[in-house]
1. Inside region 25-49, can you point out the residues that are assigned to a helix (DSSP H, G or I), of a type outside the set (A, V, I, L, M) and surrounded by fewer than 20 Cβ atoms within 10 Å (Cβ to Cβ)?
2. For region 120-135, which residues satisfy the criterion of being surrounded by 13 or more Cβ atoms within 10 Å (Cβ to Cβ) and under 13 Å from Glu2 (Cα atoms)?
3. Anything in region 64-82 that is surrounded by 16 or more Cβ atoms within 10 Å (Cβ to Cβ), out of contact with any strand residue (DSSP E or B) (no Cβ under 6 Å at 6 or more places or on another chain) and assigned to a helix (DSSP H, G or I)? List them, or say none.
4. I'd like to check something: does region 21-36 contain any residue that is closer than 21 Å to Ala122 by Cα and within 12 Å of ligand 1 (Cβ to nearest atom)?
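Read-outs: derived from the displayed coordinates by stated rules, not from any lab. Here the structure is a predicted model, which means the values were calculated and not measured. Here Cβ is always computed from backbone atoms with ideal geometry, including for glycine, and neighbour counts include all displayed protein chains.
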Amino acid sequence: IERTLSIIKPDATKRNLTGKVNAKFEEAGLRIVAQKRIQLTLAQAGQFYAEHKERPFFGELTEFMVSEPVVVQVLEGEGAILKNREVMGATNPANADEGTIRKEFALSVGENSVHGSDSEAAAAREIAFFFSGLELV
Ligand code: ATP
Ligand code: MG
């Protein structure tokens, strides 16, 4: 059974949408097996998003990710990585399908409510970034 790392981003935590976002995951058959609310530092946000360091939106992205606490979570299910990406919807909410989290809740391509790991390697790295073995059962 597969696991993936999800982040409920500042635009969504600020609007008190954690429960509504989690309902979408659970309706899709994803189980929330670990979850915590944390305040990222700019250095941590930069490390997490290191693959985007050269992109023009890197500064905007990392500043946004530290603007409010985020909820980091581990989701589990059959094909959890792809399933989560489907429930999230397209990066830009203007392109997201009906019923997806980003279609319903995202404000813009930057303030797009959720992050989800995009590969097995990313999921392993990102879960270990936020959670210790003791926190994962
Ligand atoms: P995530 O990695 O957050 O799950 P994603 O894989 O759909 O989203 P990426 O291409 O990895 O999208 O971009 C990472 C994040 O950077 C996006 O979720 C978004 O918040 C931000 N971002 C991407 N493109 C832009 C842009 N053109 N302008 C502003 N922010 C952007
Ligand atoms: Mg990504």
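1. Scanning region 25-49 gives Glu26, Glu27, Gln44, Gly46, Gln47.
2. Ala122, Ala123, Ala124, Ile127 - these are the residues of region 120-135 that are surrounded by 13 or more Cβ atoms within 10 Å (Cβ to Cβ) and under 13 Å from Glu2 (Cα atoms).
3. Phe64, Met65
4. Looking for residues that are closer than 21 Å to Ala122 by Cα and within 12 Å of ligand 1 (Cβ to nearest atom), one finds none in region 21-36, hence no.
Residue by residue, here is whether (1) assigned to a helix (DSSP H, G or I); (2) within 18 Å of Gly19 (Cβ to Cβ); (3) in contact with a Leu (Cβ under 9 Å, 6 or more places away or on another chain); (4) polar (S, T, N, Q) holds:
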site: Glu51; (1), (2), (3), (4): yes, no, no, no
site: Arg55; (1), (2), (3), (4): no, no, yes, no
site: Thr62; (1), (2), (3), (4): yes, no, yes, yes
site: Arg85; (1), (2), (3), (4): yes, no, no, no
site: Ala94; (1), (2), (3), (4): yes, no, no, no
site: Arg102; (1), (2), (3), (4): yes, yes, no, no
site: Val109; (1), (2), (3), (4): no, no, no, no
site: Arg125; (1), (2), (3), (4): yes, no, yes, no
